[in-house]
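What follows is a set of notes on a single structure, which appears directly below.
The values are calculated or read from the model by the stated rules, or taken from the named source; none is laboratory data. The model shown is predicted, which means the values in this text are computed figures rather than measured ones. In this analysis, Cβ positions are derived from the backbone assuming ideal geometry, glycine residues included, and neighbour counts consider all displayed protein chains. SASA here: full protein model, heavy atoms, side chains in, ligands and nucleic acids out. Shrake-Rupley method; radii C 1.70, N 1.55, O 1.52, S 1.80 Å.
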Amino acid sequence: MQFRDGFRNITNRIMDPVIAFKKSTEFKHFKRIYWEATPIALLTVIAELFAGITLASFEKYYLLIPGILLVVPGMMESRGNIITSLSKRLGTSVHLGVVKIEYGVNREIIVNFLATVFLNILAALGMGTLGYVAAVALGIPHISLLGYLFATLFMALIVGTFLSVLTIIVVFLATYFNFDPDNVTIPIIATLGDITTVFFIYVLVETLLWLNEHVPVFL
Amino acid sequence: MTESRFTILGIVKQSIVMIYAVMVFSLLTGATFDHAINTLIRDRPVIIILIPAFINLTGDLSDVFASRLTSYFYKGEIDLNLRPFKLFIMNYLAILSVALTSFLFAAILGNIFSLIVYGLIEPWFHLILVVLLAGMIGTALMSALGTLLVRLTIRYNFDPDSVISPITTTGGDFIGSSLLILFVKIILL
């Protein structure tokens, strides 16, 4: 009997803090983040691996359009830099109650959307110019300045605008299905963004090669 | 129509300087990428396959972390000194746990994809070690940087949602891809 009570005391001493911890608000936060973010992160991984296979199969284009790889991360990052900021601002707006499904597309959303389009264009102009300057400075085989500007603006206008609209839809959907937009919007947009970007890089290089056949100033 | 907290010019002004500043890192990532694909890893397709996942996971996870911290600050659940510290640590550990699961999954699936598409495979243990080391170190570093940036932006009255993303995503891309290539060089080559 004494032994059993002693054993129970010891197990209680060990287990009580564990049970208390599992019931704590902090652990609930941990669980919510893990279970909301992990499935989407895993889907991101699958999509990114497909993007990787596509990228690995682009080998012939790296030779036909030399130096294009220099601006590829930048083009993929414009999604990260600009579109993710949009989703974070909208996420915070949802938390502050300024963006709600009942309000529809209100001024908060329109202002954020237009600012994102402007930022995409400004970033593309900078990336194209800097990409060309960096290629010349580093002695990397490269295309013309016009080619770089065409590439970055093409991606900014088509992919950037498409992803901005998609971000607004995903924020609304996340709110509707009672997910925290902070946990789900960024990974979803990142995944869809990369699939879209890699697909449009393919469209871009084909367009550049076609355009250059008719007006040989791009490559 | 309800009023907005933002103006178009306000968002553009707060974001553009940071976007231009981090472009340098983008180009460095591009140059690393160009060099690595053309020399080191040309005959190692699994690493090329893993690069986009690496480029994005590190930045995105630290961005999710920074985004959550920002919301906690705005809602008054965490103060500028990161108190209650337990809540902050739980969030940090949660992001690292998501990173551990995701990078492990990426390594396993990347090797399987490489086997299916190219008929080439890396040694399992070494590849998982490379991916986990690079991924976890990258995510831990970028999330710590995200914390610092959230505190600084709020203290100096910048909008953290506009300023932090460019730094964490671009920094994550550069740190993530550089760490991957570094550990590939040390462990795999």
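List of remarks:
- Angstrom value of the Kirkwood radius, inverse mean 1/r, which spans all Cα pairs in segment A:152-219: 13.6 Å
- Averaged over the residues of peptide A:113-126, the number of Cβ atoms from other protein chains lying within 10 Å of each residue's Cβ is 4.
- For the residues of B:43-52, the average number of beta carbons from a partner chain within 10 Å of their own beta carbon is 6.
- Cβ-Cβ FRET estimate between A:Asp16 and B:Glu77, R0 fixed at 30 Å, reported to 0.05: 0.70
- For the residues of A:23-30, the average number of beta carbons from a partner chain within 10 Å of their own beta carbon is 5.
- Computed from protein heavy atoms with a 1.4 Å probe, the total accessible area buried between B and A is close to 6400 Å².
- Heavy-atom accessible area, 1.4 Å probe, ligands and nucleic acids excluded: residues of segment B:4-27 down by at least 20 Å² from chain alone: B:Ser4, B:Arg5, B:Phe6, B:Ile8, B:Ile11, B:Val12, B:Ile16, B:Ile19, B:Tyr20, B:Met23, B:Ser26, B:Leu27
- Taking A:Ala47, A:Ala56, A:Ala156 as the candidate residues, the one with maximal mean-square fluctuation in a Gaussian network model of chain A, Cα springs under 10 Å, is A:Ala56.
- Whichever lysines have a C-alpha closer than 29 Å to that of A:Lys23, once near sequence neighbours (fewer than 8 apart) are set aside: A:Lys31, B:Lys75, B:Lys86
- Rounded tilt (10° steps) of B:124-155 against the dominant C-alpha axis of chain B: 10 degrees
- Helix B:85-118 and the long axis of chain B differ in direction by around 30°, with both axes built from C-alpha atoms.
- Accessible area per residue for segment A:1-81, computed on protein heavy atoms with a 1.4 Å probe, is 55 Å².
- Mean shadow area of chain A, taken as a quarter of the surface of its Cα convex hull (nm²): 18.0 nm²
- Zone of B:Ile116's modelled label, taken as backbone nitrogen in segment B:41-61 under 19 Å from a point 7 Å along Cα→Cβ: B:45-54
- Taking every alpha-carbon pair in segment B:1-149 and binning the separations at 10 Å intervals from zero gives 10, 29, 30, 20, 9, 2 percent.
- Eigenvalues of the alpha-carbon gyration tensor of segment B:38-115, scaled by 5 and square-rooted, set the equivalent ellipsoid semi-axes at 35, 12, 8 angstrom, largest first.
- Solvent exposure of segment A:95-217, expressed per residue, is 44 Å² of accessible area, with all protein chains present and a 1.4 angstrom probe.
- In degrees, nearest ten, helix B:45-75 long axis to first principal axis of chain B (Cα): 20 degrees
- Entry note, the protein assembly as shown: the mean residue ellipticity at 222 nm calculated from DSSP H runs of n ≥ 4, each adding -39500 (n - 2.57), is -27500 deg cm²/dmol after division by the residues and rounding to the nearest 500.
- Distance from the C-alpha centroid of segment A:140-219 to that of segment B:161-186: 20 Å, rounded to the whole angstrom.
- Heavy-atom surface analysis with a 1.4 Å probe gives segment A:64-219 a carbon and sulfur content of 75 percent of its accessible area.
- For chain A, complete DSSP H runs whose alpha carbons reach 24 Å or more along their own long axis and whose mean Kyte-Doolittle score is 0.0 or higher are A:25-56, A:107-138, A:181-214.
- Loop-located chymotrypsin sites (Phe, Trp or Tyr not before Pro) in segment B:116-189 whose Cβ has at most 12 other Cβ within 10 Å (DSSP): B:Tyr156
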